[in-house]
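The next block holds one structure in the form of structure tokens; read it before the comments.
The values are calculated or read from the model by the stated rules, or taken from the named source; none is laboratory data. Keep in mind that this is a model prediction, so the values were computed, not measured. Ideal geometry is used to build each Cβ from the backbone, glycine not excepted, and the neighbour counts take in all protein chains shown. SASA here: full protein model, heavy atoms, side chains in, ligands and nucleic acids out. Shrake-Rupley method; radii C 1.70, N 1.55, O 1.52, S 1.80 Å.
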Amino acid sequence: MPEVRFGRKDEPATTLAQTNEFIAVRTHRPIARRGPPVDGPLERVLADTALVASFPEANVGVYRLPEATAEAAESTKAMLRGMTDDVRFAGRVLVDESGEPVVYTENLFVKFIDALDDDICRAILADYHLTAKRRVDYAENAWIAAADGRGQEVFEIADRLLERGDVEFAHPEIVRRRVPKGPYPEQWHLADATIAGVAVSAHAHVGAALEIATGAGVTIAVIDDGFDIDHPEFAGRIVAPRDATLGTGDPRPKDSHPLYPENHGTACAGVACAAGSVGACGVAPDAELMPIRLSSALGSTAEADAFKWASDKGADVISCSWGPADGKWDNPHDPLHTRTWPIPASTRLAIDHAATHGRNGSGCIILFAAGNGNEDVQHDGYASYPEVIAVAACNDRGVRSCYSDYGAAVWCAFPSNDFAHAPSGRPKPLTQGIWTTDRRGHRGYNSGHASEGDAAGYFTSRFGGTSSACPGVAGVVALMLSVKPTLSRDEVSTLLRQSCDRIDPANGNYDASGRSAWYGWGRVNAERAVQLAV
């Protein structure tokens, strides 16, 4: 079974296995997907299959076969390989320990020791019959190399490279589904509010904080899917927009996957820094927004490039509401709950670059959504990475949202939505969720119904998950930096900790130091955070 080491050779390896349940198809089309105007041979062969994952940057689709047998897989592969006009490749799929499909490209990330010069690095790559595609600039002596046409041999090549004393990291580009942390999309999270006649007071004291600071002079980078940068709540405050997947300056939604419109980024950005000029106020309404579209799969090289762009283009805060797939929060037996997915060295080093070199050497403040699986965040190599701040979710009653991930890596919590759950005695929430900006038009979360937000479809009332909590804290950090730009990353983390309100004291299980596995140091109090920063 193939193994991949996302870290150094003495770090644990991730084991992958072949399966007969899925088949990967790489096409000549812009995206491996169903639904052309007229079905062709490819669609007829795949008529009984289900598209379970799509990687548009590689023109790859992963399909579940109706029969998980070797015979069915070989038969389908043979038919697909005969369709040279449509299909470039058809083959087996690798899965992780939980059965989640992953796709490997024929690219490798290789990090040599700093002392080697370029010529030696290129010569070593050539010795392994690799093509040096480019040298990355977020780490010393780090390269993207290609092993075209060599299939699973990329795993062996990476292992052989890691055995060398002059190679620190070497791993194939392994990609998997990148899952937003908020599946469903007001303003009760900012200040006291009355929603449908019910008083709600479970907010983060943002309203009071805005009397002191509004985020002016601070840039928040939101890395997510597409952004409606023409939304009036962002007018005049867009800086350094980027599509990290396509390498362009247009981060608008592209809807690469037909079943999952790119609505998530617009909602996250609104929570962080909507201007409040039309109908939704972000936590830092005067902060500038750096929208970075990332539709590439988890672990892609574009993922690392997104962090490099953010730090080099002047981002102060970076908000990420995505990560590995979570288990179903209400199913304790879901195998995804215990599946660990490490952060690859390429992304890790790019985050390190932003955390070290961003903000003119003071370091970008990087936040990640903890996750929505009601599981230990330690299994998520991104949210649990020491250089980031992991944000959990609490609800409109001031207790943990039922889905929110927990564990030692959780630093703080921020208000978000919740669900009723009869088996655990959890009541129906007081609100629909978080009110924020929505992608305009029928593709947004709100297709134009007042029951879903506003009748014009500019806002949604149903956003949530730790996806919403993360940009909320990113906005609080922006308020802090707007009153004290010289704060270091460690100072920001410490002040956030000191600002937190200890919510749910009866069930929060706070330890002697004042920390809870559910809430970290508690729910962030934006007013206190800004006062401490001053």
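Pick out the one residue from 289, 246 that is in contact with a Ser or Thr (Cβ under 9 Å, 6 or more places away or on another chain), assigned to a loop (DSSP other than H, G, I, E, B) and either open to solvent by 10 Å² or more (accessible area, probe 1.4 Å) or within 22 Å of residue 473 (Cα to Cα) (or both). Let's see the steps before the verdict.
On the way: 289 fails: assigned to a loop (DSSP other than H, G, I, E, B).
Selected residue: 246, the only one of 289, 246 that is in contact with a Ser or Thr (Cβ under 9 Å, 6 or more places away or on another chain), assigned to a loop (DSSP other than H, G, I, E, B) and either open to solvent by 10 Å² or more (accessible area, probe 1.4 Å) or within 22 Å of residue 473 (Cα to Cα) (or both).
For the structure I just gave you, tell me whether residue 318 is open to solvent by 30 Å² or more (accessible area, probe 1.4 Å), of a type in the set (A, V, I, L, M), farther than 30 Å from residue 97 by Cα and at pLDDT 95 or above. It is false that residue 318 is open to solvent by 30 Å² or more (accessible area, probe 1.4 Å), of a type in the set (A, V, I, L, M), farther than 30 Å from residue 97 by Cα and at pLDDT 95 or above.
Run down 70, 126 and say which single residue is out of contact with any helix residue (DSSP H, G or I) (no Cβ under 6 Å at 6 or more places or on another chain), modelled with pLDDT of 90 or more and over 30 Å from residue 293 (Cβ atoms).
On the way: 70 fails: modelled with pLDDT of 90 or more.
After ruling out the rest, the residue left standing is 126.
Kindly indicate whether residue 217 is of a type in the set (Gly, Ala, Ser), farther than 26 Å from residue 308 by Cα and open to solvent by 50 Å² or more (accessible area, probe 1.4 Å). Show your work before the answer.
Working: of a type in the set (Gly, Ala, Ser): yes; farther than 26 Å from residue 308 by Cα: no; open to solvent by 50 Å² or more (accessible area, probe 1.4 Å): yes.
No; evaluated as a whole, the condition is false for this residue.
Contact annotation: residue pairs with Cβ atoms under 9 Å, 6 or more positions apart or on different chains, pairing a residue in the stretch 324-339 that is among the β-branched types (Val, Ile, Thr) with a partner that is not in a loop (DSSP other than H, G, I, E, B), are 338/376; 338/379. Would you confirm whether any residue within the stretch 379-394 is part of a strand (DSSP E or B), over 23 Å from residue 221 (Cβ atoms) and open to solvent by 20 Å² or more (accessible area, probe 1.4 Å)? No, every residue in the stretch 379-394 fails to be part of a strand (DSSP E or B), over 23 Å from residue 221 (Cβ atoms) and open to solvent by 20 Å² or more (accessible area, probe 1.4 Å).
Residue-level check: of (1) at pLDDT 90 or above; (2) small (Gly, Ala, Ser); (3) assigned to a strand (DSSP E or B), residue 54 misses just (1). Within the stretch 408-417, the residues that satisfy the criterion of being farther than 21 Å from residue 282 by Cβ and open to solvent by 10 Å² or more (accessible area, probe 1.4 Å) are 408, 409. Considering 295, 277, which residue is touching a Pro at 6+ places or on another chain (Cβ under 9 Å), part of a loop (DSSP other than H, G, I, E, B) and surrounded by fewer than 23 Cβ atoms within 10 Å (Cβ to Cβ)? Result of the check over 295, 277: 277.
Of the residues 71, 100, which single one is surrounded by fewer than 20 Cβ atoms within 10 Å (Cβ to Cβ) and farther than 15 Å from residue 52 by Cα?
Numbers: 100 fails: farther than 15 Å from residue 52 by Cα.
After applying the criteria, what remains is 71.
Let's see how each residue does on (1) modelled with pLDDT of 95 or more; (2) open to solvent by 60 Å² or more (accessible area, probe 1.4 Å); (3) of a type outside the set (Val, Ile, Thr):
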{"residue": "443", "(1), (2), (3)": "no, yes, yes"}
{"residue": "460", "(1), (2), (3)": "yes, no, no"}
{"residue": "472", "(1), (2), (3)": "yes, no, yes"}
{"residue": "478", "(1), (2), (3)": "yes, no, yes"}
{"residue": "490", "(1), (2), (3)": "yes, yes, yes"}
{"residue": "514", "(1), (2), (3)": "yes, no, yes"}
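With respect to residue 115, determine if the residue is among the small types (Gly, Ala, Ser), open to solvent by 50 Å² or more (accessible area, probe 1.4 Å) and at pLDDT below 95. Judged against the criteria, residue 115 is a match.
Applying a threshold of 6 Å to beta carbon distances and a minimum spacing of six or more residues, or different chains, the list of pairs starting in the stretch 1-26 at a residue that is open to solvent by less than 60 Å² (accessible area, probe 1.4 Å) and ending at one that is outside any loop (DSSP other than H, G, I, E, B) and charged (D, E, K, R) reads 13/3; 15/3; 22/64.
Restricting the search to the stretch 516-534, which residues are more than 25 Å from residue 488 (Cβ to Cβ) and buried (at least 22 other Cβ atoms within 10 Å of the Cβ)? Quick ask: steps written out before the conclusion?
Taking the stretch 516-534 first, the residues more than 25 Å from residue 488 (Cβ to Cβ) are 516-518.
Scanning the stretch 516-534 gives 516, 518.
Would you call residue 372 closer than 21 Å to residue 477 by Cβ, outside any strand (DSSP E or B) and not aromatic (Phe, Trp, Tyr)? So residue 372 does not fit the description; no. Note on the stretch 220-235: residues that are in contact with an Asp or Glu (Cβ under 9 Å, 6 or more places away or on another chain) and either aromatic (Phe, Trp, Tyr) or open to solvent by 10 Å² or more (accessible area, probe 1.4 Å) (or both) total 5.
Quick test for you: out of 175, 136, pick the one residue that is within 20 Å of residue 62 (Cα to Cα) and either at pLDDT 90 or above or open to solvent by less than 60 Å² (accessible area, probe 1.4 Å) (or both).
Numbers: 136 fails: within 20 Å of residue 62 (Cα to Cα).
That would be 175, the only listed residue that is within 20 Å of residue 62 (Cα to Cα) and either at pLDDT 90 or above or open to solvent by less than 60 Å² (accessible area, probe 1.4 Å) (or both).
Can you spot a residue in the stretch 489-510 that is part of a loop (DSSP other than H, G, I, E, B) and in contact with a Cys (Cβ under 7 Å, 6 or more places away or on another chain)? Walk me through how you get there before you give the answer.
Our first condition is that a residue be part of a loop (DSSP other than H, G, I, E, B); within the stretch 489-510, this holds for 500, 502-510.
Right, trim to in contact with a Cys (Cβ under 7 Å, 6 or more places away or on another chain) and you get 500, 503.
Yes, because at least one residue in the stretch 489-510 is part of a loop (DSSP other than H, G, I, E, B) and in contact with a Cys (Cβ under 7 Å, 6 or more places away or on another chain).
Given the structure, is residue 356 of a type in the set (Val, Ile, Thr), surrounded by fewer than 24 Cβ atoms within 10 Å (Cβ to Cβ) and assigned to a helix (DSSP H, G or I)? Even if it seems obvious, please write down each step before you answer.
Details: of a type in the set (Val, Ile, Thr): yes; surrounded by fewer than 24 Cβ atoms within 10 Å (Cβ to Cβ): yes; assigned to a helix (DSSP H, G or I): yes.
When the stated conditions are applied, residue 356 passes them.
Filtering 143, 188 for residues that are farther than 29 Å from residue 10 by Cα and among the aromatic types (Phe, Trp, Tyr) leaves a single hit, 188. Can you confirm whether residue 158 is open to solvent by less than 20 Å² (accessible area, probe 1.4 Å), of a type in the set (A, V, I, L, M, F, W, C) and touching a Leu at 6+ places or on another chain (Cβ under 9 Å)? The answer is yes for residue 158. Does residue 235 qualify as being modelled with pLDDT under 95, of a type in the set (A, V, I, L, M) and over 23 Å from the mean Cα position of the chain (by Cα)? In short, yes. Note on the stretch 418-441: among residues that are crowded, with 19+ Cβ neighbours inside 10 Å and part of a strand (DSSP E or B), the one that is farthest from the chain's Cα centre (by Cα) is 435.
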